[in-house]
């Protein structure tokens, strides 16, 4: 599980770098806290956090209804890549649809965690590009998942909740 520091960086902010030593650093800028008490993460931190988990959720629209589907994935620069077979996710990708992609990690005992949301265009990758990328992508299931989908990271946002900062019920 991720190690969380309870060391204040500046009054009202916290050093919550996963796997860090928790020590405040002089060069770190103050952390922005939103109206709900969550730390607002910048794009670089969001992209870094994407690399720390293996499973995310793709949000698509199918038959005019929202659907959230789990996938194993890998980040490749400013793209989210995953394998899929024929079906809903591939259909959304071949329409070059706007989709969402979400990942998170929580520590219930510390009442802390983070969430990252990516919004971008999904498209089916084909030919040499797909063939080169497919072997490096994790598999969700043993079924036919020979298609590769890429989601551009157009909009990236994230929030993090410091340990012990959850409001009492």
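Quick note: the coordinates plus some simple rules give every number you see, no bench work behind them. The shown structure was predicted, so the numbers you read here are calculated from the model rather than taken from an experiment. Neighbour counts are summed over all protein chains in view; Cβ atoms, including those assigned to glycine, are modelled from backbone coordinates with ideal geometry.
Put a dot 7 Å past the Cα of residue 35, heading toward its Cβ, do the same for residue 109, and the two dots end up 3.6 nm apart. Note on residue 155 and residue 42: the model spin-label points, each 7 Å out from Cα along the C-beta direction, lie 2.1 nm apart. Using the Cβ-Cβ distance between residue 53 and residue 128 with R0 = 25 Å, the FRET efficiency computed as 1/(1 + (r/R0)^6) comes to roughly 0.30. Take the Cβ atoms of residue 74 and residue 96, set R0 to 30 Å, and the FRET efficiency comes out at 0.90.
Here segment 39-161 was treated as a single set of alpha-carbon atoms; its pair distances binned every 5 Å from 0 give 2, 11, 22, 24, 19, 12, 7, 3, 0, 0 percent. Remark: the residue 62-residue 121 segment gains 19.7 nm on full extension, using 0.36 nm per residue and subtracting the alpha carbon distance.
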